[in-house]
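First comes the structure, then the notes that go with it.
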Amino acid sequence: MSIAENVKQLLAELTEGVKLVAAAKTRTPDEIAEAVEAGIGIIGENYLQEAEKAYQEVGSKVKWHFIGHLQKNKVKKAVALFDMIETVDSVELAAEIDKRCSQIGKIMPVLIEINSGREAQKAGVYPENAEQLIKDITGMENIQVMGLMTMGPATIQEEELRACLRETKALFDSIRKAAMPNIEMKFLSMGMTDSYKIALEEGANMVRIGSRIFGRRG
Ligand SMILES: *Cc1c(COP(=O)(O)O)cnc(C)c1O
């Protein structure tokens, strides 16, 4: 099936209120443009350079979400391009985003990345440390915390994955209930091609899908 057909099928499948992020790593600007033509409104990029190339072709008619690991020396360029950064997992990274945004007069919506599988080598803050991280970020004037994001371990059984997603959803709800100042718990970004159906059942309202749209990566 074509990219356009995949997008249309997926959009028809998703319920109202669920945001679809097209995860575009390794895809060409033309492939991304085709997805946008078919109705994609949010592009997720893992790499700044790929995003800059795609942005030249597609431009600001869609929203751009950063979903990769953001290095400090890339923050200045990243904040100029992206509409949301989904992968904030440290005070240091948040402080750099805040600083660079203040220089260009921008308030950056961010999601806190949760390492829901508690995998030592992976990005994201452990669930038990998320609330403290958010407290440390709330005072930053050029950052708006808008929710949580998680990947979940890649190679596990469905029940284990569900447990990770469920814990992230519970955390999302508890932070929302705590009603901290300057925090708007609006988006829960979880689920990829092989897991988005499970993630939606577990309460995600934003899914990041690559292969199901663009085909398997080479
Ligand atoms: C690649 C990627 C996705 C999408 O993965 P697929 O399995 O291709 O759907 C989602 N989120 C992040 C952070 C990614 O890097």
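Summed over region 199-218, residues that are more than 10 Å from the ligand (Cβ to nearest atom) and touching a helix residue (DSSP H, G or I) at 6+ places or on another chain (Cβ under 6 Å) total 3. If we scan region 30-38, do we find a residue that is at pLDDT 95 or above, within 13 Å of Met206 (Cα to Cα) and in contact with a strand residue (DSSP E or B) (Cβ under 8 Å, 6 or more places away or on another chain)? No, region 30-38 has no match at all. Out of Ile143, Ile40, Ile107, Ile32, one residue alone is closer than 27 Å to Glu167 by Cα and of a type in the set (A, V, I, L, M, F, W, C). It is Ile143. Inside region 184-197, residues that are out of contact with any helix residue (DSSP H, G or I) (no Cβ under 6 Å at 6 or more places or on another chain) and more than 9 Å from the ligand (Cβ to nearest atom) make up a count of 4. Residues of region 47-64 being among the hydroxyl-bearing types (Ser, Thr, Tyr) and over 12 Å from Ile32 (Cβ atoms), which ones? Matches in region 47-64: Tyr47, Ser60. Scanning region 61-72 for any residue that is of a type in the set (D, E, K, R) and in contact (Cβ under 8 Å) with a residue 40 or more places away in the chain turns up nothing. Looking at Ala12, is it touching a residue at least 60 places away in the same chain (Cβ under 8 Å) and under 20 Å from Gly215 (Cβ atoms)? It is false that Ala12 is touching a residue at least 60 places away in the same chain (Cβ under 8 Å) and under 20 Å from Gly215 (Cβ atoms).
Can you tell me how many residues in region 46-100 are under 25 Å from Asn129 (Cα atoms), of a type in the set (Gly, Ala, Ser) and under 16 Å from the mean Cα position of the chain (by Cα)? Residues meeting the conditions: 3.
The values are calculated or read from the model by the stated rules, or taken from the named source; none is laboratory data. Keep in mind that this is a model prediction, so the values were computed, not measured. Glycine also receives a Cβ, built like all others from the backbone with ideal geometry; neighbour counts cover every protein chain displayed.
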